[in-house]
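Some notes on the structure that comes next.
The values are calculated or read from the model by the stated rules, or taken from the named source; none is laboratory data. Owing to the predicted nature of the structure, the values given are computational and were not obtained by experimental measurement. Counting neighbours? That spans all protein chains shown, and the Cβs are built from the backbone with ideal geometry, glycine included. For accessibility, only protein heavy atoms count, side chains too; no ligands or nucleic acids. Shrake-Rupley method; radii C 1.70, N 1.55, O 1.52, S 1.80 Å.
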Amino acid sequence: MIPLFQVPMAEQAPAAVAAVIGSGQIGQGAKVVEFERRLAEKIGNPRVATVNSATAGLHLALHLVTGGLTRGDDPDGEVLTTPLTMEATNWTILANGLRIRWVDIDPATLNVDLDDLARKISPKTRAIMVVHFAGYPVDLGRLDKILDEAEARFGFRPTVIEDAAHGWGSTYQGKPLGTHGNVTVFSFQAIKHLTAGDGGLVVLPNDELFERAKLLRWFGVDRTVNRLRNPPDVTEWGFKFHMTDINAAIGLANLEWSEHVVARHKANAAFYDRELAGVPGLELTQRSADRESSFWIYPMKVDDREAFMKRMDDAGVMVSNVHERNDLHTAVRDYAALLPGLEQVARGIVCVPVGWWVTDEQREHIVATIREGW
Ligand SMILES: *Cc1c(COP(=O)(O)O)cnc(C)c1O
């Protein structure tokens, strides 16, 4: 079976981890500092704070920009968000005591429909969450203009939180995600392009948010002062969301290799783009010249998905839609909305293996199987 996901672990990772485990310092220390320095270099933004998962990062990001509410503090406050994502994105809204307001999906990109988003901004909007689905960047330039209009109309500018869990290696207007003026969160979970075992990264657009993020990821306590001799006051309570040196060592060991991982995902995707264009019963997602997807997954829309999946399964190819739409879960039934764009595509989305482990022969087999029909 050609798998849909694999853990990208560099050869030198076990030795790097063993060195940390035996070093007497396994918590947040020198390895975390080094990992952050290298990540900041790669992204081109010095304001990066590692955390123990992207979920924690999104939770922290929302907490930072909405002021740190508990349930009931702000009964009307809502966050505009996409229903097509890992549940992690949206459950952090509920964990922050805020309401979900679903934004429809653009069937062409599988990202949020920015027209629908513009319509739904209101005085109740506390933040906006977008996901770069599969790694394909949301049109951040257009989103910025929408926020300009909202600011002129309502007198405030909602903060955008970009869930870039799929987007390590994606670029928008030639620059990596995390450099476009919003709060951006990456995931270093087991099967993402760059893994730290588990882990995440919050990238901040200004120094004030950056300083608060570093404090609030660890109880609100300043780790840069000698806490035993000189216990600092905590002015704002925080979480236990920090990364450990064990995870940072895994991330560091994988960092350089992640470039090759992403490059292979992109190369396989370019092959599919070329070879699958025009196949009857199948529609590829949109590509735009001003952005490049990291293709964590390769989504497309097919007629009769059940038959397609059966055919691929018979041919030894693992396929899946990967993320179920979130809005139909019982846990969020209070926020149900009409989402015609999502309705149009949800039952047709399927992803085929595109990752670094897919060989030339395997991708040819995948294309040949699809071209035979299902
Ligand atoms: C993987 C993923 C997350 C969660 O990442 P963790 O690091 O596992 O917490 C969030 N959003 C999306 C879109 C993801 O794919």
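Does a label point 7 Å from the Cα of E34, set along Cα-to-beta-carbon, have any residues of segment 211-244 with amide nitrogen under 17 Å, and which are they?
243-244
Please give the Cα centre distance for segment 197-249 versus segment 36-64, rounded to the nearest Å.
11
With every protein chain present, what is the per residue accessible area of the chain (1.4 Å probe, Å²)?
Solvent-accessible surface per residue comes out at 43 Å².
How big, on average over all directions, is the shadow cast by the Cα convex hull of the chain, in nm²?
Orientation-averaged projected area of the Cα hull: 19.3 nm².
When the accessible area of segment 13-257 is computed with all protein chains present and a 1.4 Å probe, what percentage of it is carbon and sulfur?
Using a 1.4 Å probe with all protein chains present, segment 13-257 comes out at 52 percent carbon and sulfur.
Sorting E324, E162 by accessible area (1.4 Å probe), largest first, what list results?
Final ranking, largest accessible area leading: E324, E162.
As I understand it, the dipole of the chain uses +1 on the Cβ of Lys and Arg and -1 on the Cβ of Asp and Glu, about the Cα centre. Which of I349, F35, V234 lies farthest toward its positive end?
V234
Mind grabbing the base-10 log of I(q)/I(0) for segment 259-371 at q = 0.24 Å⁻¹? Debye formula, identical points on the C-alpha positions, no solvent, two decimal places.
Listed by q, the Debye log ratios stand at -1.43.
Provide the per-residue ³J(HN,Hα) series for segment 284-293, in order, calculated from phi with Karplus coefficients 6.51, -1.76, 1.60 and θ = phi - 60°, each as a whole number of Hz, with x at glycine and proline positions.
Couplings: 7, 7, 6, 10, 10, 5, 8, 8, 10, 7 Hz.
Helix-only estimate, please: 222 nm mean residue ellipticity of the chain, summing -39500 (n - 2.57) across DSSP H runs of length 4 or more and dividing by its residues, to the nearest 500.
Helix contribution divided over all residues of the chain: -11500 deg cm²/dmol.
If you put +1 on each Lys and Arg Cβ and -1 on each Asp and Glu Cβ, how big is the dipole of the chain around its Cα centre, in Debye rounded to 20?
720
Rank by packing, highest mean first: peptides 23-33, 49-59, with packing defined as the count of other Cβ atoms within 10 Å averaged across residues.
Result, highest mean first: 49-59, 23-33.
What do you reckon, how do R274, R101 stack up by accessible area (1.4 Å probe), largest on top?
I get R274, R101, largest accessible area first.
Counting only C-alpha contacts under 8 Å and six or more residues apart, can you give the relative contact order of the chain as a whole percent?
Details: 743 pairs, mean separation 88.6, N = 374.
24 percent.
How much net charge surrounds G181 when only the other residues with a Cβ under 15 Å from the Cβ of G181 are counted, with Lys and Arg +1 and Asp and Glu -1?
Details: positive: R47, R142, K145, R157, K175; negative: D139, D144, D148, E151, E162, D207, E208.
Charge balance near G181 sits at -2.
Which of the peptides 112-121, 129-138 is most tightly packed, and how do the rest follow, judged by the mean count of other Cβ atoms within 10 Å per residue? Show your work: numbers first, answer last.
Values: 112-121: 19.7, 129-138: 26.3.
My ranking of the peptides, most packed first, is 129-138, 112-121.
Give the value in nm², to one decimal: projected area of the alpha carbon convex hull of segment 1-78, averaged over all directions.
The Cα convex hull of segment 1-78, projected and averaged over all directions, gives 9.6 nm².
So how much accessible area does W91 have, in Å² to the nearest 10, using a 1.4 Å probe?
Approximately 90 Å² for this residue.
With label points built 7 Å along Cα→Cβ from the Cα atoms of R229 and R287, find their separation and express it in nm.
Distance between label points: 5.9 nm.
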